[in-house]
Every structure is written in C-alpha cells, then in structure tokens.
Amino acid sequence: MDSDFSRDFLKGYQYIAGVDEVGRGPLAGPVVTAAVILDPENPIEGLADSKKLSEKRREMLTEEIKAKAIAWAIGRSEVEEIDQINILQATMEAMQRAVQILTIKPDFVLIDGNRKPLLPYPMEAVIKGDERVAEISAASILAKTTRDKEMIALDKQFPGYGFASHKGYPTKQHIQALQVLGITEMHRRSFAPVRRLLG
C-alpha cells in the first residue's frame, strides 16, 4: 500500500499485529475490533482503508486475509457495555480482547488512531493507520465486514430501522425511524440522539 509510514523501528520483531475498530459512531449495535498478523511471505494486494473499498472488494479481501494471515481475531463490546463504561473505554476493551485471543502472540502491536489499549506488548498508535499500515488496514477490513454482516442480520430482526443500509449510524432515515418506531434493545442509550428520545 502507498505509505509514508517508516517500518524501521519494527526491525527485529517477527509477529506484528495491526488493530482497528469499526462502530464507534453508530447509535446501535456493537463496536467490533480486529487484530491481524500478516505473513510477509504471503502478501495481500490491494489492502486499503476499509471505508475506501467497495463492499464486494472488502468481501474478497476478507477471505484472502483469513486464508493468508498468520493469525487473526475479532473482539467486540456490546451495547450494554458501551452504555456502562462509554464508547472510548468499550473500544479499548474490544481491542484488548481481539489481541488477547490471537492464536500467535504478537511481538509488537500497531493500533489505529491516537490511543492505545492496555496490553502487555510493545505498542505504537498510528494516526490514519488504516491508510498507512497493511496490518491495520487488514484489521479494519475484517472488523467492517464482520460488523456489517451483523447489522444486516439485525435489519431482519428489527425491520423498519434501515440497519442494512446505514449500519446503525445516525442518518436522517435512522433518526426518523427512532422517532416513529421507538428504541430497540440494540440502541445505545448513552448516545445523545437516543437519550433525548428517552426524555
């Protein structure tokens, strides 16, 4: 991938995990994270920020990442936890979970963004990491395809909200549906638009 990210400081580390999250902004559903250790001997072409790829391309890359990566894992925090401890803390917890269940323990962890979860490994937070670091990009793709599938399934469970199209984000359609249909168990009560409706 096109990158201004220098990997010099990673020399000597064998297993480098990339970590990213999807779902911090939505009003509904979990926050989902992924951790991926790529295989340098088995490169994957076309890794990029998941938001910049078509759905079809993301699906194809998801299968390739799962087949070629040395290890990958999905972490998550559910709605109740997000409401209890706040979205930032819930995201950090979900990142910890993804890394902790990797079948190969990483020597170094690269986290997308500017904050690091508590982990017993050397770490670096990388701003726009999903555009600059292949491991983080792979994690962003896995997290997004996992969460999108779940939101499409929720659309069948809770028809009328439009979860399949907006994936829980606060679109005009979603806000209108909330006003007409009310709040589901999958909505984050601590988020302002939902909290306002609860009065």
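Within segment 170-199, the set of residues being under 23 Å from ALA98 (Cα atoms) and in contact with a Gly (Cβ under 7 Å, 6 or more places away or on another chain) comprises just one member, MET186. On the stretch given as segment 94-114, residues that are touching a helix residue (DSSP H, G or I) at 6+ places or on another chain (Cβ under 7 Å) and of a type in the set (D, E, K, R) total 1.
Taken over segment 39-63, the criterion of being under 19 Å from GLU21 (Cα atoms) and acidic (Asp, Glu) is satisfied by ASP49, GLU55, GLU59, GLU63. Quick check: is even one residue across segment 59-73 touching a Gly at 6+ places or on another chain (Cβ under 7 Å) and of a type outside the set (Ser, Thr, Tyr)? Checking segment 59-73: at least one residue is touching a Gly at 6+ places or on another chain (Cβ under 7 Å) and of a type outside the set (Ser, Thr, Tyr). Taken over segment 79-102, the criterion of being in contact with a Phe, Trp or Tyr (Cβ under 9 Å, 6 or more places away or on another chain) and surrounded by fewer than 18 Cβ atoms within 10 Å (Cβ to Cβ) is satisfied by ASP83 alone. SER165 satisfies every condition listed in (1) surrounded by 15 or more Cβ atoms within 10 Å (Cβ to Cβ); (2) within 19 Å of the chain's Cα centre (by Cα) except (1).
Which of the residues spanning segment 121-134 are touching a Lys or Arg at 6+ places or on another chain (Cβ under 9 Å) and not in a helix (DSSP H, G or I)?
Narrowing segment 121-134 to residues touching a Lys or Arg at 6+ places or on another chain (Cβ under 9 Å): 121, 123-126, 130-131, 133.
Matches in segment 121-134: TYR121, MET123, GLU124, ALA125, VAL126, VAL133.
Selection of segment 1-45 for residues being touching a residue at least 40 places away in the same chain (Cβ under 8 Å), small (Gly, Ala, Ser) and over 24 Å from ALA94 (Cα atoms) yields only SER3.
When LYS66, LYS56, LYS51 are checked against the criterion of being closer than 22 Å to THR91 by Cβ and assigned to a helix (DSSP H, G or I), a single residue qualifies: LYS51. Selection of segment 104-127 for residues being touching a Phe, Trp or Tyr at 6+ places or on another chain (Cβ under 9 Å) and surrounded by fewer than 24 Cβ atoms within 10 Å (Cβ to Cβ) yields ILE104, LYS105, ASP107, PHE108, TYR121, PRO122, MET123, GLU124, VAL126.
When ALA28, ALA17 are checked against the criterion of being buried (at least 22 other Cβ atoms within 10 Å of the Cβ), closer than 21 Å to GLU124 by Cβ and among the small types (Gly, Ala, Ser), a single residue qualifies: ALA17.
Hey, can you tell me all the residues within segment 173-196 that are more than 25 Å from THR145 (Cβ to Cβ) and in contact with a His (Cβ under 9 Å, 6 or more places away or on another chain)? Before you say what the answer is, go through the steps one by one.
Residues of segment 173-196 that are more than 25 Å from THR145 (Cβ to Cβ), as a first pass: 175-176, 178-183, 189-190, 192-196.
LEU178, PRO193, VAL194 - these are the residues of segment 173-196 that are more than 25 Å from THR145 (Cβ to Cβ) and in contact with a His (Cβ under 9 Å, 6 or more places away or on another chain).
Just so you know, all these numbers are worked out from the coordinates, no wet-lab data involved. Since the model is a prediction, treat every value here as computed from it, not as a measurement. Every residue, glycine as well, gets a Cβ built from its backbone with ideal geometry; the counts of neighbours run over all protein chains shown.
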